[in-house]
Amino acid sequence: MMSCDLWMLVMVPLFISTIVPSKATHPCNYTFSYVTGPVGNFSSPGFPGYYPSLLRCTYFFDAARNGGVEIKFEAFELEDEFEDDDVYDYIEVYTLDSQGFKALLNKFCGSKIPQTIISPQSKLEIKFITDHWQNSARGFSGTYRFLGDEWQPFDHKPNHCGSENLSGIAGFIQSPNYPKKYPRGVNCSWVIRVPERQQILVRLLDLDIGEGPKCGDSKLLLYNGYATPLSVQTLEWCGHKSHMDADELQYVTFTNRTVVRFVSGLRNNNHIGFKLMWMAVSLPKESEVCRSFQCEGGKYCLNGQPCKPLPKYCISQKLVCDGVRNCGPFDDSDERKCTKEILIIAACISVPSIVLLMLVVLITYCYKTRHVKKSLSQDQPLTNSQSQGTTSHDSFPSNSRQMMLHTSFMDGASPFTSDPPDLSDTDPTADNSLFTDAVTGSLKSHKKRPSYHMMQLNYEDGNLMTSQI
């Protein structure tokens, strides 16, 4: 038989090793990528046998860009939780964003199988921690699935709701039949995706769902990142826009992916639903520089409330001068100094000027036209009088184009003692000496007076011209 001393030498160290913690741990790291396949399995070390103590295991899941990760546990058996939430063996589930920042999603222990986990980011990490105590638990096993960036868990009817996958830098979403009342029993879900390292700004332009601020069976929901049927919505909108503050009408996600869901009840309604805009934005830090267009920000004050600062979003240059205030309802810096705005201002200035100029030209033209007509009407009697004093070219002899008449007028007396000879019937080819002698004799017989005048008759261009000498 073994002596007592020998027995003590064997059993005491074994007993101490079971109750005294050991400083040595057993690291284990596993990586699963979409490159190796869209689905796969994972489990705790030694499964389905007992898992060791002092484990520090990491399971890292890397989905495609803008993708997601779905985790389903098929078996789960860890050490039970003790009093005062003192957990000895447990797993922690983290999501990682594009900059490597970790966010705890949940923590599990005991033997209850966790619900399905869907990461709101493209990267997910599971940490498995065990203490130094020996146990008889088997650990866990499960499956993973890499989800595409267009995946979403809710029902969607394209004939009522339109396309369910939206991507780019900006866009609009509205309820079915907007701006008319929305139908009953509608379930619409839209997946919005923007470039990586950016966030999504969702802004309500119009809202008319339900009767009051408490949502009934009709509501508008927003989920950050990926969502599951059991996920709790990030935001819930209902009621009327006029009953909401400006801060309640918009939201900025912390990921580059979000899900918007609209659900209407089965009761009749007279509400028009909603219309919202979404946009890819980023909020650069003070040390960072926006490489596209940065909003000016500023402050806004409403209803005597303390002024609130406006965020200086960094938006795409393509959204500048597009006719929409993308920087916000109180910040129009993206719509200032636009070519369209300058043209509108120039048109507002130039059109009245052109109209005024045309009016001045029209008035001037009418005035000149009237003045010319008046001048012609004044000149018409003189022309008629001159035409009455003219004599036909044929009335004078061809060899008598110029005649000198020496006259003196006294008391209105005519230089002729009798009526002047009628020249209208004179034959141009006849002898004109009689005419000349008659005129000359008449002139010679007239006695000259101080009022003596010399007059010259000229026949030019068929008109008889009279001038004083």
Exercise for review: Go through the stretch 236-250 residue by residue and tally those that are among the small types (Gly, Ala, Ser) and over 18 Å from Val263 (Cα atoms).
Suggested key: 2
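Quick check, is Leu104 within 41 Å of the chain's Cα centre (by Cα), among the hydrophobic types (A, V, I, L, M, F, W, C) and closer than 16 Å to Val259 by Cβ?
Values: within 41 Å of the chain's Cα centre (by Cα): yes; among the hydrophobic types (A, V, I, L, M, F, W, C): yes; closer than 16 Å to Val259 by Cβ: no.
It is false that Leu104 is within 41 Å of the chain's Cα centre (by Cα), among the hydrophobic types (A, V, I, L, M, F, W, C) and closer than 16 Å to Val259 by Cβ.
Could you list, in sequence order, the residues of the stretch 285-315 that are in a loop (DSSP other than H, G, I, E, B), open to solvent by 30 Å² or more (accessible area, probe 1.4 Å) and closer than 18 Å to Gln199 by Cβ? Explain how you work it out, then say what you get.
Quick first cut of the stretch 285-315, residues in a loop (DSSP other than H, G, I, E, B) only: 285-292, 295-297, 301-307, 311-313.
Next, only the ones that are open to solvent by 30 Å² or more (accessible area, probe 1.4 Å) stay: 285-289, 291-292, 296, 301-307, 311-312.
Result: Lys285, Glu286, Glu288, Val289, Arg291, Ser292, Pro311, Lys312.
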Study note, to complete from the structure: Per the list (1) assigned to a loop (DSSP other than H, G, I, E, B); (2) touching a helix residue (DSSP H, G or I) at 6+ places or on another chain (Cβ under 6 Å); (3) not hydroxyl-bearing (Ser, Thr, Tyr), residue check on Cys188 breaks on (1)
Review point. Taking the stretch 196-216 on its own, how many of its residues are among the charged types (D, E, K, R) and touching a helix residue (DSSP H, G or I) at 6+ places or on another chain (Cβ under 9 Å)?
Key: 3
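Out of the strands (runs of 3 or more DSSP E) lying entirely within the stretch 59-167, which hold 3 or more residues that are open to solvent by 40 Å² or more (accessible area, probe 1.4 Å)? Can you show your working first?
Working: elements: 68-77, 90-96, 102-108, 123-129, 139-147, 165-167.
Qualifying strands (runs of 3 or more DSSP E): 68-77, 102-108.
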Practice item. May I ask you to list the residues in the stretch 28-56 that are outside any loop (DSSP other than H, G, I, E, B) and touching a Lys or Arg at 6+ places or on another chain (Cβ under 7 Å)? Key: Val39
Point to revise | Qualifying residues in the stretch 326-340 (those that are of a type in the set (Asp, Glu) and part of a loop (DSSP other than H, G, I, E, B)) - the one farthest from Lys241 (Cα to Cα) | key: Asp332
Point to revise | Filter result for the condition that a residue is at pLDDT 90 or above, in contact with a Phe, Trp or Tyr (Cβ under 8 Å, 6 or more places away or on another chain) and of a type in the set (Gly, Ala, Ser), over Ala75, Ala64 | key: Ala75
Check your understanding: Here is a list of conditions, (1) farther than 30 Å from Gly148 by Cα; (2) open to solvent by 30 Å² or more (accessible area, probe 1.4 Å); (3) modelled with pLDDT under 90, and Lys180 meets all of them except one; can you say which number that is?
Key -> (3)
Check your understanding: Mind checking whether some residue in the stretch 328-337 is of a type outside the set (D, E, K, R) and either surrounded by fewer than 12 Cβ atoms within 10 Å (Cβ to Cβ) or under 9 Å from the mean Cα position of the chain (by Cα) (or both)?
Key -> no
Check your understanding: If you take the residues in the stretch 218-262 that are small (Gly, Ala, Ser) and out of contact with any Gly (no Cβ under 6 Å at 6 or more places or on another chain), which one is farthest from Ile71 (Cα to Cα)?
Key -> Ser242
**Study point:** Breaking point among (1) within 19 Å of Ile113 (Cα to Cα); (2) modelled with pLDDT under 90, for Tyr51
**Key:** (2)
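The values are calculated or read from the model by the stated rules, or taken from the named source; none is laboratory data. Bear in mind the structure is a predicted one, so any value in this text is a computation, not a measurement. Glycine gets a Cβ as well: all are built from the backbone with ideal geometry, and neighbour counts include every protein chain shown. Surface accessibility is based on the protein's heavy atoms, side chains included, excluding ligands, DNA and RNA. Shrake-Rupley method; radii C 1.70, N 1.55, O 1.52, S 1.80 Å.
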